[in-house]
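See below for the structure under consideration.
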Amino acid sequence: MSDTYQNKYRIASARASFWDYGWNASYFITICTQNREHYFGEIVNGEMHRSEMGETAHEGWLKIPDYFPFAKLGNHIVMPNHVHGIVIIDKPDGGFGRDVDDSDGLSVGDVRRDAINRVSTNVVVPDQPESSNPPGGITGNKNPMLHDNLSKIIRWYKGRTTFECRKIHADFAWQSRFHDHIIRNDQSFYRISRYIVNNPLKWKEDKFYLSNC
């Protein structure tokens with residue numbers, strides 16, 4: 001992994017009303033197909049063999065930074081019925097919508113640390129509807145879609161891949177929700193990165209292998 005991520009995205013892992021998903025952070029994302037249908041290919045001898053729709057899902061993911069310059073990508077994998085990936089939001093202003101510097105009496109780090117200190121690390125709420133991502137944070141804006149944030153990225157990705165995949169299979173659809181996890185430190189970043197890379201090797205142990213929505 002690049003040293004770029006060292007000590008840069010240290011945040012608590014919890015969903016809270018005062019957390020804005022447009023703030024700089026690393027997010028571990030999982031998006032499942034509707035009813036966990038195996039549209040994207042199959043695992044053979046511990047390797048993922050992508051179908052045509054799997055290639056579409058893969059290529060669409062790689063295009064995220066082209067449409068969202070504030071987003072960077074960590075590891076990702078397209079599995080038979082889901083996609084795992086790390087999305088890194090990296091804005092010059094920290095995602096606060098303005099430059100926060102010493103002239104304000106505080107720094108970007110000060111503001112983010114204040115939010116971190118208020119997050120309970122014992123609360124993790126996965127698999128929430130996209131619309132439940134906390135709006136506004138300290139920006140005070142109640143409409144998260146007005147900001148360049150995680151929800152906007154995932155909506156774009158799902159919409160683009162749905163449009164392209166339905167040219168191949170008219171019934172293709174994503175699950176309406178997606179899982180997100182805020183990566184709270186470098187150790188978790190590397191652990192999740194390894195998990196993504198090794199996912200095909202442990203496919204039959206994966207909770208998405210046979211389970212239904």
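The values are calculated or read from the model by the stated rules, or taken from the named source; none is laboratory data. Everything numeric in this text was worked out from a predicted model, so none of it was measured. Neighbour counts are summed over all protein chains in view; Cβ atoms, including those assigned to glycine, are modelled from backbone coordinates with ideal geometry. For the accessible areas, the whole protein counts, side chains as well, though only heavy atoms, and no ligand, DNA or RNA atoms are used. Shrake-Rupley method; radii C 1.70, N 1.55, O 1.52, S 1.80 Å.
The calculated FRET efficiency for the pair Asn45 and Lys207, based on their C-beta separation and a Förster distance of 30 Å, comes to about 0.90. Ranking Phe70, Phe172 by solvent-accessible area of protein heavy atoms (1.4 Å probe, all protein chains present), from largest to smallest, gives Phe70, Phe172. The heavy atoms of Lys167 offer some 140 square angstrom of accessible surface to a 1.4 angstrom probe.
Would you tally the net charge around Thr33, using a Cβ to Cβ cut-off of less than 11 Å, leaving Thr33 out, and scoring K and R as +1, D and E as -1?
Working: positive: Arg36, Lys158; negative: Glu37, Asp171.
That works out to 0.
For His179 and Asn198 in the same chain, what is the full-extension length gain: residue separation times 0.36 nm, less their Cα-Cα distance, in nm? Before the final figure, lay out the partial values.
Working: separation 19, 0.36 × 19 = 6.84 nm, distance 1.89 nm.
So the extension gain works out to 4.9 nm.
Counting heavy atoms of the protein chains alone, Ser176 has an accessible area of about 90 Å² for a 1.4 Å probe. The heavy atoms of Arg160 offer some 80 square angstrom of accessible surface to a 1.4 angstrom probe. Based on the Kirkwood radius over alpha-carbon pairs, what value in µm²/s does the Stokes-Einstein equation return for the translational diffusion coefficient of the stretch 19-75 at 25 °C and 0.890 mPa s? Rounded to a whole number, D works out at 181 µm²/s. Residues whose amide H falls under 5 Å from that of Gly41, counting only those 5 or more places apart or on a different chain, are Ser51, with hydrogens built in the peptide plane. For the pair Phe163 and Gln187, a Förster radius of 30 Å applied to the C-beta separation gives a FRET efficiency near 0.20, rounded to the nearest 0.05.
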